[in-house]
Amino acid sequence: MRISKEKQERIKEQILGILFQNSPKALFTSDIAKELVRDEEFTKRLLSELKDKGFVVSVTKNSRGIKYSKRIRWRISPKIYVAYKKLKEKGIEIY
């Protein structure tokens, strides 16, 4: 099944909303996919597209500095966090 570009953009907005709500905590791809009720591979592809645009940052090491072998955690980029925070302060609904 194919999902239109418009719907993919809306799902990306939901991803950013989830990451903003959980900021500064970084979430695993599987956690984001569960929240969205979407396939992990599809969610990972959308996260990679958001990373290329500079909206999210991937975290590849755990808190002890050891690199993950297969998993990636994600967090919203600082620039986007500030923009979302300003919108929220103005009363504009983000998610």
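Read-outs: derived from the displayed coordinates by stated rules, not from any lab. Computed from a prediction, not measured in an experiment: that's the story for all the values here. As a convention, Cβ positions derive from the backbone with ideal geometry for all residues, glycine included, and neighbour counts pool all protein chains shown.
Per-structure values
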read-out	value
For residue 28, residues with placed amide H under 5 Å, excluding near neighbours	74
Cα-based convex hull, the chain, per residue volume (Å³, whole number)	103 Å³
Gain in span if fully extended, residue 8 to residue 67, counting 0.36 nm per residue against the direct Cα distance	18.2 nm
Point-charge dipole on Cβ atoms (K/R +1, D/E -1) for the chain, about Cα centre, debye to 20	400 debye
Loop-located trypsin sites (Lys or Arg not before Pro) in the range 3-86 whose Cβ has at most 14 other Cβ within 10 Å (DSSP)	25, 64, 70, 71
Amide H contacts under 5 Å for residue 56, placed H, 5+ residues apart	51, 77
Net charge over other residues, Cβ less than 10 angstrom from the Cβ of residue 23 (K, R count +1; D, E count -1)	+3
